[in-house]
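What follows is a single structure, written as structure tokens, with notes after it.
The values are calculated or read from the model by the stated rules, or taken from the named source; none is laboratory data. All values reported here derive from a predicted model rather than from experimental measurement. Virtual Cβ from ideal backbone geometry, glycine too; neighbours counted across all protein chains shown. These area figures cover heavy atoms from the full protein model, side chains too; ligands, DNA and RNA do not enter into them. Shrake-Rupley method; radii C 1.70, N 1.55, O 1.52, S 1.80 Å.
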Amino acid sequence: MNTSRISLRAAFARLFLASLCLVCVVGCQSAGKQGAARTFRVMTYNIHHGEGVDGKVDLGRIADLIKREQADIVALQEVDKGVQRTARRDFPAELAALTGMTCIFSNNSSFQGGEYGNAVLTRFPVKRWTNRHYQMLRAGEQRGLLQVVLEVHGRELVFLNTHIDFRGDDTERLLNAAEMLEAIQPYHGRPMILCGDFNDTPGSRTHQKIAQAFVDAWMAAGAGDGFTIPAEGPRKRIDYIWTSKDPSIEALRLWVPASEASDHLPVVGEFRLR
């Protein structure tokens, strides 16, 4: 028998098996990456015009926190643009540069010669956006609902950001909550995430109203009390991430990172599109 032929056949067999194993490994890794790519992280954060518990305005530590938590979409409240108290700085532009993300800013009210409102930072493509000013019952800060349609892993995700009234009487919060439910009507059929500072606690009438159309993601996947205010000794949960009652979006886990960059703590969540 020709031993050289046997050796050649054995070598081809070993090469074939090695190639087959490599294909299997690559295939498994690709599948794993695709599965991981379906997840993304969301943060909601009332940044108190960049002022931390030490009284210093420092956007760098806010940006560092966003990067450390690997947030893909960030809802920010109390954002200044051209305001006197923060030296006429353009916070949306600065935060975009510091994080490498796209920033959408909504001006809700004129303040000290500048603009003041909510913003969204995102790593995903922005398809379109709009801002709705709420009906206000009393004199004071104009508030609004920032609505951004994003393309997330090949699908449209509706991302909403808001900050509503703080006063003890919840009449205005309830009215704003009803306006939120009205504003989302055109988006039905798409997964939605609603973030913000709602100035009310779980079980309140405001919370119950929003829960008619959304799921409180902390109640679904959070661990602990989720308190966010005051930052130096949190005792209340008023900052929320909500998801639409849509089986195509799932909250995997939520947490509250420690930070001294604002008078609030942020809430971060990991989500999956199914």
> Looking at residue 244, is it closer than 21 Å to residue 49 by Cβ and open to solvent by less than 50 Å² (accessible area, probe 1.4 Å)?
Replying inline: no
> If the Cβ limit is 8 Å and pairs must be 6+ apart or interchain, which residue in region 74-100 that is within 24 Å of residue 166 (Cβ to Cβ) pairs with which residue that is open to solvent by less than 20 Å² (accessible area, probe 1.4 Å) and in a loop (DSSP other than H, G, I, E, B)?
Replying inline: 74/101; 76/47; 77/47; 78/47; 79/47; 95/101
> Quick one: how many residues across region 91-113 are outside any strand (DSSP E or B) and crowded, with 16+ Cβ neighbours inside 10 Å?
Replying inline: 8
> Is region 59-72 home to any residue that is touching a helix residue (DSSP H, G or I) at 6+ places or on another chain (Cβ under 7 Å), open to solvent by 10 Å² or more (accessible area, probe 1.4 Å) and among the β-branched types (Val, Ile, Thr)?
Replying inline: no
> Can you name the number of the only condition in (1) at pLDDT below 95; (2) touching a Cys at 6+ places or on another chain (Cβ under 6 Å); (3) not polar (S, T, N, Q) that residue 96 fails?
Replying inline: (1)
> Out of region 247-256, which residues are part of a loop (DSSP other than H, G, I, E, B) and surrounded by fewer than 16 Cβ atoms within 10 Å (Cβ to Cβ)?
Replying inline: 247, 248
>> Looking at region 114-129, can you tell me whether even one residue there is open to solvent by 60 Å² or more (accessible area, probe 1.4 Å) and polar (S, T, N, Q)?
In response: no
>> For region 115-147, give me each residue that is of a type in the set (A, V, I, L, M) and not in a loop (DSSP other than H, G, I, E, B).
In response: 119, 120, 121, 126, 145, 146
>> I need every pair where a residue in region 237-254 that is small (Gly, Ala, Ser) has its Cβ under 6 Å from the Cβ of a residue that is open to solvent by 50 Å² or more (accessible area, probe 1.4 Å) and at pLDDT 95 or above, sequence separation at least 6 or different chains.
In response: 251/220
>> Need the failing condition index for residue 81 against (1) among the basic types (Lys, Arg); (2) crowded, with 19+ Cβ neighbours inside 10 Å; (3) out of contact with any helix residue (DSSP H, G or I) (no Cβ under 7 Å at 6 or more places or on another chain), just the number.
In response: (3)
>> Can you confirm whether residue 153 is touching a residue at least 12 places away in the same chain (Cβ under 8 Å) and open to solvent by 70 Å² or more (accessible area, probe 1.4 Å)?
In response: no
> Of all the residues that make up region 130-148, how many are in contact with an Asp or Glu (Cβ under 6 Å, 6 or more places away or on another chain) and open to solvent by less than 70 Å² (accessible area, probe 1.4 Å)?
Replying inline: 1
